[in-house]
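What follows draws every value from the coordinates through simple rules; no lab data is involved. Predicted, not measured: the structure shown is a model, and the values here were computed from it. Cβ sites come from the backbone with ideal geometry, for glycine too, and all protein chains shown count toward neighbours.
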Amino acid sequence: MTVKLYDYPLSGNCFKVRQMLLWLGVDHASVPVDFHPGREHKSARFLAQINPLGQLPVIDDEGFVLRDAQAILVYLASRYDDARQRWYPADPKLRGQVAMWLAMADEITRTASAARLHDALGYTHLDIEACRRGARAAFRVLDDHLAEQHAATGLRWLVAAPEPTIADLACFPYVALAGEGGISLDEFPALRRWVWDFRHLPGFVGMSGIFPAGPA
Amino acid sequence: MNPSAASQAWHPVAPSAEVRAGANIVAGFAQGQELALWRAADGSPQAWENRCPHRSVRFTLGQVTGGDRLACAYHGWQYEAGSGACVRIPAHPAMPAPRNVCAKTFATADAAGMLWVRLAADGADAPSELGDTVPAGWHLARTLTLRVAASEVRAALAPHGFASTGTPDAWQGALGESPIAALLLDAQPQLSFLHLWTDAAPGSDAMARVHRAARQLRSDIEAAASH
Amino acid sequence: MPFVTDDPNMLDDWLVVGPASGLPRTARLLGETLHLHTDADGTPHARLGNDALTVQSRYGFLWVCPSGRPARPLFAFPEYEEPGRRIVDCGGLGVAVSGLRVIENFLDMAHFPFVHPDYLGKVPHTEVAKYNVEVDAATDEIWATDCRFWQPRASAAHDTGSEVFYKYRVMQPFSAMLYKSSHRPDRLDAIGLFLQPVDDEHVIAHTLLAYFDDVSSDAELIAFQHTIFGQDKPILENHAFKRMPLEGRAETPTRGDTTSVTYRRWLRERGMRFGTARAAA
């Protein structure tokens, strides 16, 4: 099967889907959307035919169309993960934790991603200081959680399981790209360690702005 | 020079276990100096000015390669552990690396579970009292970061029940009813790190109480500083 | 006194303020906010507060001369009008570093295997062969010629590895062009990089393609350029000091850095101050 992905290289939300497809071994075909400068995702045609919210990513899996990066991760992991189901675990407590961090991923998009759109793509209508403040508040919650969980259990991913889940993938890119929005990660040592750990997962390909780990 | 003044110049930049041999590069900070912290494959700790001498790109974007070299992310220039000397320039593979190109290195020491860095280039050895700053067998509860100057943290620790020890910026007290050894790092003008060690066992209720009390301490200190 | 600098290299030159379309709008330049609009007959206007600024429309962009006394005409760009080329505006991307470092990065090949692996270079093909750099006496522009580099995929339309030939040109401290092998054996594609200097440590990087390519869509060409630029961004934004040192020994070039050595000397000789760092003691 080949999943069609409406895609843009600088979108962290699109990266989440590209990376998930790779880790699940599912082929995909990117349909490039002129996000900038063309704002194609806000065109009448895109709103009418692909996503009325005017956002990326959108997938079309042989006729099954889904928008929203986090929703797409849930779908892909549910459908294509192997029997271990490590990406979207079935255990109720773990699944509840995943949902909690997927909601955090939305908050990260609202703040850190928006700050990056302001600084890099000229979205000057956004309240940049509110975005940065919001991002720092969200990052502190993440840093506290990662530091405390690691000290208590030795676990290093967001959910209390030994392997990363879609919760980590959903929260990762706009944390890793925070500097492009003027948000420093200096004050979040546990978050910086989590970013390093995630980048060094086997098969991590990164995106423009997030280096994959090179050969040692 | 008496032992206390000597150890004041050694900064606890990171827990030793956070910087893994031949693996990661961790950003470190001490009195506004940016550092790239890493270990060669043999475990020897490296603390370098976080800046490649070629075009000043931060070393923390790069990676450890070949076990004992740090490669810059920009042009792949490689620098060897210990001396910090540039040993390879990939744009000219056959050329011997220029003698005068060197990362700026700082003295390091592992003691009491922490990686310490000295900014002064005076060749001084790490004083033995660094090893006494954390009791043997204790666990790292966490590194707390506070958005305030180190002076604000120092002023707040005594009212919160912490006593200074013989070693500057090594404090003893309690959080959540567990005894605590707190090591303060003056990272940046408005950023301090407080490494909190405790005898509470990992995963215990006591450790969870330490964590909650640590967050409360942070919010008290930051709120006081903002007035 | 308006503007964040009094450096004549900036005030007396033509500075890009973004596309000629999408008006009226504001634009940030040298620490100030300009207002741009066009008349009914299409004549562009630029205003800082109540003061009209000297402005022209060329190559699909607006260019402002802050002092009103341009020291030279805007550079020539014959490829822009050449029949058979398609012109694609890849948009402006903000970068938090001195524009001088952005231009220097644009002129550099040695970083291709490390920053753009599998696109513009690949380890172990890291060697930079000797090339030629000159300053054209008539135009005072820098030209680097005979540049070549092994690349696995040089643009959206190439699928296999090959040695790609490059020429580089620096027209202004904040404007450069690169020319590389195209689909036509006898013609070179051109990529223009025009930096809008927001202040000493911030630019908006405008990229314009003048390509021989009848195959790729605009979205594909833009996606490729953004992929490449997005890979440079964390490098550019992580220089330990954002301004470029023109003196002192804080930074050491090597043999393959001939274009950048020439560029820094060229900046020194014209007394460049904007975007530069004072020498360390």
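Averaged over the residues of peptide C:110-118, the number of Cβ atoms from other protein chains lying within 10 Å of each residue's Cβ is 5. Remark: C:Phe212, A:Phe15 ranked as C:Phe212, A:Phe15, counting other beta-carbon atoms within 10 Å and listing the fewest first.
Exposure proxy shown here: for A:Met207, B:Met95, the number of other Cβ atoms within 10 Å sets the order, fewest to most, as B:Met95, A:Met207.
Using the Cβ-Cβ distance between C:Arg184 and C:Ile87 with R0 set to 22 Å, the FRET efficiency from 1/(1 + (r/R0)^6) comes to roughly 0.85. Per residue, the average separation of C-alpha pairs within less than 8 Å and at least 6 apart gives chain B a relative contact order of 18 percent. Of A:Ser78, A:Ser30, the sequence from fewest to most neighbouring Cβ atoms within 10 angstrom is A:Ser78, A:Ser30.
Quick check on region B:1-121: of the DSSP beta bridges with both residues there, what percent are antiparallel, nearest 5%? Intermediate results must be reported in sequence, preceding the final value.
On the way: 31 of 32 bridges.
Around 95 percent antiparallel, to the nearest 5.
Percent of Cα pairs in region B:31-161 per distance bin of 10 Å, from zero to the largest separation: 11, 33, 31, 17, 7, 1, 0.
Taking label positions 7 Å along the Cα-Cβ direction at both A:Glu129 and B:His227, the computed distance is 2.3 nm, reported to one decimal. For region A:109-216, chymotrypsin sites (Phe, Trp or Tyr not before Pro) are listed when DSSP marks them as loop and at most 14 other Cβ atoms sit within 10 Å of their Cβ; the list is empty.
Charge dipole (Cα centre; +1 on Lys/Arg Cβ, -1 on Asp/Glu Cβ; no other charges) of region C:1-136 amounts to roughly 280 debye.
From the alpha carbon gyration tensor of region B:134-225, can you work out the equivalent ellipsoid semi-axes (sqrt of 5 times each eigenvalue) and give them in Å, largest to smallest?
So the equivalent ellipsoid measures 20, 14, 11 Å along its semi-axes.
Per residue, the average separation of C-alpha pairs within less than 8 Å and at least 6 apart gives region C:8-111 a relative contact order of 25 percent. For the segment C:254-260, counting C-beta atoms of other chains within 10 Å of every residue's C-beta and taking the mean gives 4.
Gain on full extension, evaluated as 0.36 nm per residue between B:Ala124 and B:Gln190 minus their Cα-Cα distance, stands at 20.9 nm.
Rounded to two decimals, the Cα radius of gyration of chain A over 2.2 N^0.38 Å is 1.00. Calculated on C-alpha atoms, the gyration radius of region A:2-80 divided by its Kirkwood radius gives an Rg/Rh of 0.95.
Between the residues C:Gln56, C:Gly68, C:Pro83, the greatest Cα displacement towards the positive end of the dipole of region C:16-90, with unit charges on the Cβ of Lys, Arg, Asp and Glu, is found for C:Gly68.
Would you mind checking the pairs C:Lys180/C:Lys242; B:Lys104/C:Lys233; A:Lys4/C:Lys242; C:Lys167/C:Lys233; A:Lys16/B:Lys104; A:Lys42/C:Lys167 and listing those with alpha carbons more than 32 angstrom apart?
A:Lys4/C:Lys242; A:Lys16/B:Lys104; A:Lys42/C:Lys167
For region C:78-277, the direction-averaged projected area of the alpha-carbon convex hull comes to 11.0 nm². Taking 1.567 mPa s as the viscosity and 4 °C as the temperature, the Stokes-Einstein diffusion coefficient of region B:106-176 based on its alpha-carbon Kirkwood radius rounds to 92 µm²/s. All Cα-Cα separations within chain B were binned at 10 Å from zero, giving a P(r) of 8, 31, 31, 19, 8, 2, 0, each value a whole percent of the pairs.
Using Cα atoms only, what is the angle between the long axis of helix B:205-225 and the major principal axis of chain B, expressed in degrees (0 to 90) to the nearest 10? It works out to around 80 degrees. Among C:Thr207, C:Thr54, C:Thr139, the residue with the largest mean-square fluctuation in a Gaussian network model of chain C, with springs joining Cα atoms closer than 10 Å, is C:Thr139. Counting every pair of alpha carbons in region A:93-166, the share spaced more than 19 Å apart comes to 44 percent.
Just to be sure I understand: if I project the alpha-carbon convex hull of the protein assembly as shown onto a plane and average over all orientations, what area do I get in nm²?
Quarter of the Cα hull surface area: 34.1 nm².
Take each residue of peptide C:231-243, count the partner chain Cβ atoms within 10 Å of its Cβ, and average: the result is 6.
By the Stokes-Einstein formula, at 1.002 mPa s and 20 °C, region C:93-210 with its Kirkwood radius over alpha-carbon pairs has D equal to 142 µm²/s.
Normalising the average separation of contacting C-alpha pairs (under 8 angstrom, six or more residues apart) by the number of residues puts the relative contact order of chain A at 21 percent.
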